[in-house]
Amino acid sequence: MVFIMKIKTSVTLSNEILARMNALTSAGGRSGFIEKALWKYIELSQREQRTQNDLAIINKTSSSLNEEAEDTLLYQAKK
């Protein structure tokens, strides 16, 4: 069994975001809503960071990969 410690905190939100959140949650469901939203944001941020890292690797090696692809195509064209 895993116990997750919860810590009470205070967050200041605009009236508009609070109204929209209230429309999507039941009474007393704000904490769960905010926690789910934060976990989703963290997940999306981490995914974006991995994508940026992958693109950096691809861009760093693109010249050599393109040369290799051209060499392969030339070899296939000679047959």
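Every read-out reported here was derived from the displayed coordinates using simple, explicitly stated rules and does not represent laboratory data. Model, not experiment: these values are computed from the prediction. Glycine gets a Cβ as well: all are built from the backbone with ideal geometry, and neighbour counts include every protein chain shown.
So here's what we get for this one:
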read-out	value
Scan of the stretch 25-47 for residues that are surrounded by 10 or more Cβ atoms within 10 Å (Cβ to Cβ) and closer than 17 Å to S10 by Cα, ordered by number	G29, R30, S31, G32, F33, I34, E35, K36, A37, L38
Those residues of the stretch 22-79 which are of a type in the set (S, T, N, Q) and closer than 20 Å to M5 by Cα, in sequence order	S31
